[in-house]
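Peer 1: Sharing a structure below in structure tokens format, with a few things to ask.
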Amino acid sequence: MTIDARNPEGKALSPADRSRMIGEALRQAARVSRFSNPSKTTIRTIRAHRRRDIVTPLLFFFLFVLPSLGSVVFFGLYLSDRYVTDARFALRPAIGGAEKAAPDGVGTTSSIPSQMIAQDSMIVGEYIKSRTMIETLERSLPLRKMFSRDDIDAYSRFNPDKPIEKLVKYWADRVKVTVETSGLIEVSVNAFDADDSLTLSKAVLAESERLVNQLTVRARNDALAESEREMKRAEERLTKLHLAVRDLRNRDGVLDAQKSNDTNLKMIAEIRSQRIGLAVKLSLLQRDLRDDSRSIQDLKAQIAQLDDTISRIEREAANQDPDQRRVLSATLTKFEELDAERKTAERYYSATIAARERSRMIADRQIEFFSMVVEPVRAESAQQPRRTLFIAISVAVSALAFGLSILTRKLLA
């Protein structure tokens, strides 16, 4: 580029003007050179922006890199292996036992209904995770030592000096119980050694079977005891009714009110029959003889005597006799009431005897069985913790947290 040393009027420039023009020309050349290479300008701008933005790398490190590395170290290297032993069993009724049983009509429970099997399944499931189960296992197994060995990581290791309440919570993480609607019970025990896991699983199953047998024995004995109590109450009621009938007979002087009433009715019928015969005879004699004749007077006296007898018998059956203090009709009513109660009590007593016999038969045999479906088997490899899954979840969560932080920064900028 040449610089004209003369002004527009053709005169020569002074040294000061010439220096000013040279500086302006250099500035224009630099400006043209800068715009002629935009990539270098962009790179410089990005580098300058990166030098100024130090928050994004920090977020990337603390929200993604550090948590991801931590999850890899914790789940992949630090946590100890756990071996899982699975077992499945079910409570099944005996053939012709609980599944066909129904409550007795006399208020007793001579057999266990099928609904109780479902209740027993829930009871066994809760018992496996209970403190009683832990105390029973500790009497035969070194339970605390199994979970407090030095080769177990500090996060998963149990402190043997802690009280039983802490061990119950820790046990809830080591055992899993699932009771399905079909009645199948699944028990999973995880420990830090395959042999320990198998030993604990067998011990849990043995204790569960003992509990099932204990529950059925208690239920059968309770049913038998209730049936016997009901039978004794029915027997006492029947005895009281027999005594009431005896006292009524002794008090009223009638052995059987119904028979006495039937006898009176037959007697009245015979007397009426005799009276009718005498009345017919009297009617025939009155046509031939006078009323003051001896025969007619005798017939009339006999008829009057029969009428008095009929009236007396009817009066004894319906009215109070002040001499004997007895009313046959009232006695008959009391006898009928007591006899009806006696018959009802006898039927009820027979039903309680039958219920008691059924209870005794059920108490003599097992009505619910502990049926093993899947036997526990020693694990050959560790199934827990699921290292790859947990690491993948941690990395995904870290990436999501980093992405949300970047998006939040752009929205707030």
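The values are calculated or read from the model by the stated rules, or taken from the named source; none is laboratory data. As the structure is a computational prediction, the values presented were derived from the model and not from experiment. Note that each Cβ is placed from the backbone with ideal geometry, even for glycine, and that neighbours are counted across all protein chains shown.
Peer 1: Scan the stretch 140-156 for residues that are part of a helix (DSSP H, G or I) and buried (at least 16 other Cβ atoms within 10 Å of the Cβ) and jot them down.
Peer 2: Scanning the stretch 140-156 gives Leu143, Arg144, Met146.
Peer 1: Within the stretch 291-346, which residues are modelled with pLDDT of 65 or more and of a type in the set (S, T, N, Q)?
Peer 2: Ser293, Ser295, Gln297, Gln302, Gln305, Thr309, Ser311, Thr333, Thr344
Peer 1: Enumerate the pairs (first residue in the stretch 384-405 and touching a residue at least 40 places away in the same chain (Cβ under 8 Å) and over 13 Å from Phe74 (Cβ atoms); second residue anywhere and of a type in the set (Lys, Arg) and surrounded by 13 or more Cβ atoms within 10 Å (Cβ to Cβ)) with beta-carbon separation below 6 Å, excluding pairs fewer than 6 apart on the same chain, so at least 6 apart or on different chains.
Peer 2: Gln384/Arg82
Peer 1: Follow-up. Quick check, is Ser227 within 22 Å of Thr178 (Cα to Cα) and either assigned by the TED database to the domain that holds Ser156 or at pLDDT 80 or above (or both)?
Peer 2: Considered against the rule, which asks whether it is within 22 Å of Thr178 (Cα to Cα) and either assigned by the TED database to the domain that holds Ser156 or at pLDDT 80 or above (or both), Ser227 comes out as no.
Peer 1: Looking only at the stretch 378-403, count every residue that is over 20 Å from Phe61 (Cβ atoms) and either outside any helix (DSSP H, G or I) or in contact with a Gly (Cβ under 8 Å, 6 or more places away or on another chain) (or both) and tell me the total.
Peer 2: So the count comes out to 10.
Peer 1: Going by the structure shown, is Glu186 among the acidic types (Asp, Glu), assigned to a strand (DSSP E or B) and either crowded, with 16+ Cβ neighbours inside 10 Å or in contact with a Ser or Thr (Cβ under 7 Å, 6 or more places away or on another chain) (or both)?
Peer 2: yes
Peer 1: Another one. Considering only the stretch 192-203, I want to know if a residue exists there that is touching a helix residue (DSSP H, G or I) at 6+ places or on another chain (Cβ under 9 Å), under 30 Å from Phe74 (Cα atoms) and in a loop (DSSP other than H, G, I, E, B).
Peer 2: Among the residues of the stretch 192-203, at least one is touching a helix residue (DSSP H, G or I) at 6+ places or on another chain (Cβ under 9 Å), under 30 Å from Phe74 (Cα atoms) and in a loop (DSSP other than H, G, I, E, B), which makes the answer yes.
Peer 1: Give all pairs with beta carbons closer than 7 Å in which a residue from the stretch 119-144 that is in contact (Cβ under 8 Å) with a residue 60 or more places away in the chain meets a residue that is aromatic (Phe, Trp, Tyr); count only pairs at least 6 apart in sequence or on separate chains.
Peer 2: As it stands, the answer is Met133/Tyr127, since those pairs meet every condition given.
Peer 1: Residue check: is Asn159 crowded, with 19+ Cβ neighbours inside 10 Å, touching a helix residue (DSSP H, G or I) at 6+ places or on another chain (Cβ under 9 Å), outside any helix (DSSP H, G or I) and not assigned by the TED database to the domain that holds Glu346?
Peer 2: So Asn159 fails the test.
Peer 1: I'm checking my understanding of the structure. Among residues of the stretch 209-224 that are at pLDDT 75 or above and surrounded by 13 or more Cβ atoms within 10 Å (Cβ to Cβ), which one is farthest from Glu337 (Cα to Cα)?
Peer 2: Once the filter is applied, the top-ranked residue is Glu209.
Peer 1: Can you confirm whether Gln366 is surrounded by 12 or more Cβ atoms within 10 Å (Cβ to Cβ), modelled with pLDDT under 80 and either in a helix (DSSP H, G or I) or over 60 Å from the mean Cα position of the chain (by Cα) (or both)?
Peer 2: The answer is no for Gln366.
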